[in-house]
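The values are calculated or read from the model by the stated rules, or taken from the named source; none is laboratory data. Computed from a predicted model, the values in this text were never measured in an experiment. Please note: Cβ atoms are built from the backbone with ideal geometry, for glycine as well, and neighbour counts cover all protein chains shown. Keep in mind that these areas ignore ligands, DNA and RNA; they rest on the heavy atoms of the full protein, side chains included. Shrake-Rupley method; radii C 1.70, N 1.55, O 1.52, S 1.80 Å.
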Amino acid sequence: INGRPLAGIIQSAVLSDDRVFIVANNTDKIEVTDTSLESIATISLTDLSLTPSAFALAGPDKGYISDLYNHSVAVVNLEDYTVDENRIEVGNNPRDMVVVDNRLYVANSGFGDDDTVTIIDIESDQVLTTVTVGNGSAHLKADDQGYVWAISSGKKAYDENWNRDPDHDIHGRLDIISGSQIIATIETGGFPRSVALDETRGQAWVVNEQAVQQIDMSSYEIVDQAFIGRSFNGIGFSEAEERLYLADSRGYTQSGQAIIFDLEGAAVDSFQVGIAPMDFLFQVQVE
């Protein structure tokens, strides 16, 4: 729609009422568009030596960018799309972020070596506390109760010759955070990547290495270890359609695929997407 390539590897995207914030980390920028994807602004981060991995909204005029390699978060003024020079120090290799009840939650991955979520007061931009979760904290999802579902992907082990050493793997897990307290931990095993929530039916689904697992949101227990018996790269739940969307990468040399499933786990449709899909955003059309 803009007559030019996006340029950059999309790490994440955030949809507000009237804007989309698209994070491209190898070109170190955030593209701001309207909901038809027509460009509004480009936030260039190259001169700031900032490698963005995620963006979070904290109101119509304020946002946050996680800096993948400088263990920090930057504040963005969304009135003029300028980035504050000051940084908020967090854990190693921060990835996903989410704002809940005037708090910013930052998942610190450490590429498998960090196991924390930093919690920041969005009024003062001061760190309130740090919560210990599983290794490789990388994906966060907030539910309607204000709980934060923190996916930790774990860490695969290798010996001194870079051969796989599964006996020393650190498996991932899912932690539920309320305020600054962990109220439940779900041992998923394997190396989970992302989670989708259906709060109407009290169900959650986790994309793990070999399967999509189904979780009861009231008991925080896995009720089906292989709800869908194959691996994907990302998951989304369309509440309006009552459908699950699963992202299938199929490598980095060809287009990926999105496969749509009903809530019984049966595939009902699919469509081609770009290279290496990993997440979904759903825009509700208001008649």
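Any residue at all in segment 30-53 that is within 30 Å of Thr185 (Cα to Cα) and of a type in the set (S, T, N, Q)? Within segment 30-53, one or more residues are within 30 Å of Thr185 (Cα to Cα) and of a type in the set (S, T, N, Q). Is it true that Ile122 is touching a residue at least 60 places away in the same chain (Cβ under 8 Å), of a type outside the set (D, E, K, R) and in contact with a Lys or Arg (Cβ under 7 Å, 6 or more places away or on another chain)? Spelling it out, Ile122 is indeed touching a residue at least 60 places away in the same chain (Cβ under 8 Å), of a type outside the set (D, E, K, R) and in contact with a Lys or Arg (Cβ under 7 Å, 6 or more places away or on another chain). Consider segment 162-178 and keep the residues that are assigned to a loop (DSSP other than H, G, I, E, B) and in contact with a strand residue (DSSP E or B) (Cβ under 6 Å, 6 or more places away or on another chain). The one that is surrounded by the most Cβ atoms within 10 Å (Cβ to Cβ) is Gly172. Leu45 meets all of the listed conditions (1) open to solvent by less than 10 Å² (accessible area, probe 1.4 Å); (2) at pLDDT 95 or above but one, namely (2). Please list, ordered by first then second residue, the pairs with beta carbon atoms under 9 Å, 6 or more apart or interchain, first in segment 99-112 and closer than 15 Å to Leu57 by Cα, second surrounded by fewer than 20 Cβ atoms within 10 Å (Cβ to Cβ) and among the polar types (S, T, N, Q). If the second residue must be surrounded by fewer than 20 Cβ atoms within 10 Å (Cβ to Cβ) and among the polar types (S, T, N, Q), the pairs left are Arg103/Ser180.
Looking at segment 140-194 only, could you name the residues that are within 15 Å of the chain's Cα centre (by Cα) and among the acidic types (Asp, Glu)? Matches in segment 140-194: Asp143, Asp175. Scanning segment 206-219 for residues that are at pLDDT 95 or above and either crowded, with 16+ Cβ neighbours inside 10 Å or in contact with a His (Cβ under 9 Å, 6 or more places away or on another chain) (or both) turns up Val206, Val207, Asn208, Ala211, Val212, Gln213, Gln214, Ile215, Met217. The set of residues from segment 237-247 being under 24 Å from Ser153 (Cα atoms) and either buried (at least 18 other Cβ atoms within 10 Å of the Cβ) or out of contact with any strand residue (DSSP E or B) (no Cβ under 8 Å at 6 or more places or on another chain) (or both) comprises Phe237, Leu244, Tyr245, Leu246, Ala247. Tell me yes or no: at least one residue of segment 102-111 is in a strand (DSSP E or B) and of a type in the set (Gly, Ala, Ser). Yes, that holds for at least one residue.
Look at segment 256-282: where a residue is without any contact (Cβ under 8 Å) to a residue 40 or more places away in the chain and a partner is among the charged types (D, E, K, R) and assigned to a strand (DSSP E or B), sitting 6+ places away or on another chain with Cβ atoms under 7 Å, you get Gly256/Asp248; Gln257/Asp248; Ile259/Asp248; Ile260/Arg243; Ile260/Asp269; Phe261/Arg243; Asp262/Arg243. Here Gln181, Gln203, Gln225 are screened, and the one residue that is more than 27 Å from Pro277 (Cβ to Cβ) and either surrounded by 21 or more Cβ atoms within 10 Å (Cβ to Cβ) or of a type outside the set (Val, Ile, Thr) (or both) is Gln181. Which residue pairs have Cβ atoms closer than 8 Å, lie 6 or more positions apart in sequence or on different chains, and pair a first residue in segment 136-152 that is at positive phi with a second residue that is polar (S, T, N, Q)? Within 8 Å, the pairs are Gly136/Ser109; Gly136/Ser152; Gly136/Ser153; Gly146/Ser178. Residues that are open to solvent by 40 Å² or more (accessible area, probe 1.4 Å) and not in a strand (DSSP E or B) were ranked within segment 257-272; the one that is nearest to Gln214 (Cα to Cα) is Glu264.
Here is a yes/no grid of residues against (1) open to solvent by 30 Å² or more (accessible area, probe 1.4 Å); (2) of a type in the set (Val, Ile, Thr); (3) at pLDDT 95 or above:
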site: Tyr64; (1), (2), (3): no, no, yes
site: Glu85; (1), (2), (3): yes, no, no
site: Val106; (1), (2), (3): no, yes, yes
site: Gly112; (1), (2), (3): no, no, no
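Among the residues making up segment 242-254, a single one is outside any strand (DSSP E or B) and modelled with pLDDT of 95 or more: Glu242. Cβ separations smaller than 7 Å between residues 6+ apart or across chains give the following pairs from segment 40-61 residues that are closer than 19 Å to Thr27 by Cα to residues that are exposed (fewer than 14 other Cβ atoms within 10 Å of the Cβ): Ile40/Asp34; Thr51/Tyr69. When the criteria are applied in full, Gly3 meets the requirement of being at positive phi, of a type outside the set (A, V, I, L, M, F, W, C) and out of contact with any strand residue (DSSP E or B) (no Cβ under 8 Å at 6 or more places or on another chain).
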